[in-house]
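Reviewing the structure listed below.
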Amino acid sequence: MITVGQKFPEFKKTACISLEKGEEFTDIADDILDNDVDQWTTMFWWPKDFTFVCPTEIAAFNDSFDEFRDRDCTLIGASTDSEFVHLAWRNDHEDLRDLKFPMLADTSKSLAEELGILEPNEKVAYRATFIIDPDGIIRWVSVNDLNVGRNVDEVIRVLDALQTDELCPCNWEKGEETLTV
């Protein structure tokens with residue numbers, strides 16, 4: 001699995017970004033990750049659309065969208081389903097209709113495979129989360145098994161800690177003292 005300190009892989013994928021007719025899809029590429037505007041990126045993956053745990057996570061990330069934006073962090077959701085399945089799911093599921101972030105479609109599974117997050121039997125993505133700095137370098141990775149949802153507050157806490165560029169003790173929260181040596 002790709003890990004901390006490595007450059008996030010190159011990619012160009014289609015994403016579902018809207019329910020509005022004619023505005024549903026756009027292409028997203030890795031060039032948004034390496035930027036000169038101090039924009040961080042959090043990309044989180046889920047196994048399958050039209051499942052049970054996944055929409056709880058997606059809705060939780062959406063509920064925290066403004067917190068990511070306030071931290072100059074782009075939020076991208078992703079799975080190995082197609083952009084058309086993403087669109088159908090958004091139309092079908094009340095909690096997904098008003099998403100504020102793109103749902104990336106890795107239909108070829110090439111990006112998930114390069115990241116090393118494909119479950120070996122079903123070939124779906126594990127619940128992986130990557131925090132990527134403005135230079136396109138992975139600074140944090142967390143992976144959950146297929147049946148366990150993640151904690152969005154912890155993702156934000158780690159993002160806050162990384163953005164201090166200081167030593168942060170166990171259970172550190174934004175606003176608390178960092179360590180001095």
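Only one of the listed values, (i) 49, 43, 23; (ii) 49, 38, 28; (iii) 53, 34, 31, was derived from the coordinates as Cα extents along the principal axes in Å; which label is it?
Matching the structure shown: (iii).
When all alpha-carbon pairs of region 109-181 are counted, what percent fall beyond 13 Å?
So the portion of pairs separated by more than 13 Å is 71 percent.
What does the helix-only formula give at 222 nm for the chain: each DSSP H stretch with n ≥ 4 adding -39500 (n - 2.57), the total divided by the residues, and the result rounded to the nearest 500 deg cm²/dmol?
-7000 deg cm²/dmol
With every protein chain kept in the model, how would you rank SER142, SER108 by accessible area, 1.4 Å probe, largest at the top?
SER108, SER142
Quick one: Karplus J couplings for region 94-109, per residue in order, coefficients 6.51, -1.76, 1.60, θ = phi - 60°, nearest Hz, x for Gly and Pro?
3, 6, 10, 5, 10, 5, 9, 10, x, 10, 6, 10, 9, 4, 6, 6
Using the Cα centre of region 1-115 as origin and beta-carbon charges of +1 (Lys, Arg) and -1 (Asp, Glu), tell me which of PRO47, LEU104, HIS93 is placed farthest towards the positive end of the dipole.
Result: PRO47, furthest along the dipole toward the positive end.
For region 166-181 and region 32-54, what is the separation of their Cα centres, given in Å?
26
What fraction of the DSSP beta bridges in the chain is antiparallel, stated in percent and rounded to the nearest 5?
Expressed as a percentage, antiparallel bridges in the chain total about 70.
The values are calculated or read from the model by the stated rules, or taken from the named source; none is laboratory data. The structure presented is a predicted model; accordingly, all values stated were derived computationally and were not measured. Don't worry about glycine lacking a Cβ; one is built from the backbone with ideal geometry, like all the others, and counts go over all protein chains shown. What goes into the accessible areas is simple: the full protein's heavy atoms, side chains included, and nothing from ligands, DNA or RNA. Shrake-Rupley method; radii C 1.70, N 1.55, O 1.52, S 1.80 Å.
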